[in-house]
Amino acid sequence: MNAPPQRPNRLLPGLASLLALLVGGCAVTPPERADHTPELPDSFSEAGVAEAPQRWWRSLEDPALDALVERALDSNLSLEATRARLERARAVARREGAPLIPSVEANAGIQEQGRGTDLDQARGSGATETVSAGLSASYEVDLWGRVRAGQAAATASIGAARADLQAAAVSLSGNVATTWYRRVEAQRRLDLLRRQVATAEDLLALTETRYRRGQVAIADVHRQRRSLEALRGQVSTARASLATLDHELAVLLGEPAIRLEPPEGDGLPNLGPLPETGLPTELVRRRPDLRRAFHDLVAADASVAAAVARRFPRLNLSASLTGEAPSASAMVATWLINLGAQLTLPLIDGGERRADVDRARAEAEAAALDYGQAVLEAVAEVEDALAREAREAERVDHLTAELDAARALLENTQRRYRFGEADHLAVLDAQDGVHAAERSLLEARRQRLEYRIQLLRALAGGWEMDEQEEAA
C-alpha cells in the first residue's frame, strides 16, 4: 500500500509563534507579606557549661534509661506511624513533580471483520484483518510556574514531615525518661514506706511492752497502731502507682507488658552542671518543631504562587503517531503524525480562582504568625526550664537540711522516750516529721531531674536523625 501524500503542516508555524509569545512568561511571584518573626534576645538567662550529647538522655549517665529509650525508638508504634507519614509526603512530592515530564503512552490492537455468525467460517469467506499501533505524548508547558510551585509546596511538606519525625523522637525519648524516673521515685517511695512500716512495727512492740509495764496508757498503743495501719495503706497505694507506671512505660516501648528490674543504687542520678544553651537564634536550627513551622510557611508561600498561576492561561502540547494496516509489515507506510496545542484561558468562574488565591494568602499569613508564635514559645520553654531547675535545686538543698534536722530530732526523742523523759505523741510527731521530709526530698530530687529533662528537650539536644533512622 502506498503512503498517502503528505500535506504541509500548517500547525507548526503557528505553534512556534505561540510558544515564542508565551514561553517568555515567568513564574508567578506572590506579593510579599509581613514578617512576623520576633526579635530575640542576645542570650538566655543562663548559659550552661556542659556539652550535651546529640542523644541528650545520655548526659544523665543512666544505662537503664539508655536501654529503655533505644527500645522505644525501635518499637514505638506512634513513631512508626510518623515514619509512614514521611514516606507519604515523599510520594506526594514525586507525584506533584510528575507533570514536569511529558506523559507518553503506547497502544496496539488487532481487529478481524467478516460476514456470518461464525468467525472461524468467516475467515475463509472474505474476512479482513486490521492491525493498529500508536504512540501518544502530552505535556503541559509550565508557563507561570504552577506545577513547580505545587512541587515546591510538596517538597516543603517533606521537610515538615521529617521535622515531625524528629520532634516525635525527641518527645518520645523525653516521655520515656520522665516516666522512668517517676517509676524510680515510686519504687523508692515504696521502699521508704516499707522501712517506715518496719520502724512503726518496732515502735508498736515497744509501746505495747511499756503498756504492759504500766508506763504508758492504752491510748498510746492505739495511736501507734493507727499510725502503722496508715503506713500500710500508703504501701498499697504506692504499689498501685508503680504498676500504673509500668503500664505507661510498656505503651511507650510498643510492648503489651514489661518486666523491669529495680534500679541499682538510688536510681535518681545526681545532676551535673547545666548544659550549654547556646543562643536563642540557634533554636530555629535545632528544634524540629520550629523547623516544622518554617517548612509549613514555605509550603504556604508556594501554595499562594500556585493559586495565582491557576488564574492564567494553560498551554498543553500533544503529539501522536498512529498506524493501521492489514498486517504489521505493511504498517510502515501508513504512519500518521498528529501534533496539537491547546491554550485554555479561564474567563468566568464565579470568582472561584480569586477565592482560592485569597484563601492561600490567608493561610500563608496564618503560617507566618504561627511560626513567630512558635519561636516565642520555644524561647519561653528554655527560660522556664532554667528557672524551674534553679529553684528546685534550692528546694533540694533546703529539704536535705530539713531531713537532717528531723532525723536528729527523732533520734533524740526516741532516746528520751526509752528513758521515760518524753511521751508517745512526741515520738509520733518526730517520726512523722522524718517521714514527710524523706518523701518531700525524694519528690524534689525527681522533680529537679524532670526539669532538667524539660530543659534538654527544649534545647532539642542538637539531635538530627540520619536517613537510616528516618527509614528504620
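For the structure I just gave you, tell me whether Arg195 is modelled with pLDDT of 90 or more and either part of a helix (DSSP H, G or I) or in contact with a Pro (Cβ under 9 Å, 6 or more places away or on another chain) (or both).
In short, no.
Output the residues belonging to segment 167-222 that are touching a residue at least 60 places away in the same chain (Cβ under 8 Å), within 30 Å of Tyr451 (Cα to Cα) and among the aliphatic types (A, V, I, L, M).
Listed by number, the residues that qualify are Ala167, Ala168, Ala169, Val170, Leu172, Val176, Ala177, Val184, Leu192.
Any idea which residue in segment 338-375 is surrounded by the most Cβ atoms within 10 Å (Cβ to Cβ), counting only those that are in contact (Cβ under 8 Å) with a residue 24 or more places away in the chain and part of a strand (DSSP E or B)?
The extreme case among them is Ala341.
Return the residue satisfying two criteria in turn: it lies in segment 137-183 and is of a type in the set (Ser, Thr, Tyr) and under 22 Å from the mean Cα position of the chain (by Cα), and of such residues it is surrounded by the most Cβ atoms within 10 Å (Cβ to Cβ).
Out of the qualifying residues, it is Ser173.
Select from segment 261-297 the residues that are crowded, with 17+ Cβ neighbours inside 10 Å, assigned to a helix (DSSP H, G or I) and over 19 Å from the mean Cα position of the chain (by Cα) and list them in ascending order.
Correct list: Pro280 only.
Would you check which residues across segment 249-260 are under 20 Å from Arg189 (Cα atoms), in contact (Cβ under 8 Å) with a residue 60 or more places away in the chain and assigned to a loop (DSSP other than H, G, I, E, B) and list them?
Matches in segment 249-260: Leu260 only.
I need the full set of residues from segment 406-435 which are surrounded by fewer than 16 Cβ atoms within 10 Å (Cβ to Cβ), touching a residue at least 24 places away in the same chain (Cβ under 8 Å) and of a type in the set (Gly, Ala, Ser), in order please.
Listed by number, the list holds a single entry, Gly420.
Sort through Ala250, Ala219, Ala257 and tell me the only one that's among the hydrophobic types (A, V, I, L, M, F, W, C), exposed (fewer than 14 other Cβ atoms within 10 Å of the Cβ) and within 29 Å of the chain's Cα centre (by Cα).
Selected residue: Ala257, the only one of Ala250, Ala219, Ala257 that is among the hydrophobic types (A, V, I, L, M, F, W, C), exposed (fewer than 14 other Cβ atoms within 10 Å of the Cβ) and within 29 Å of the chain's Cα centre (by Cα).
The values are calculated or read from the model by the stated rules, or taken from the named source; none is laboratory data. Everything numeric here is computed off the predicted structure, so don't read it as measured data. Glycine also receives a Cβ, built like all others from the backbone with ideal geometry; neighbour counts cover every protein chain displayed.
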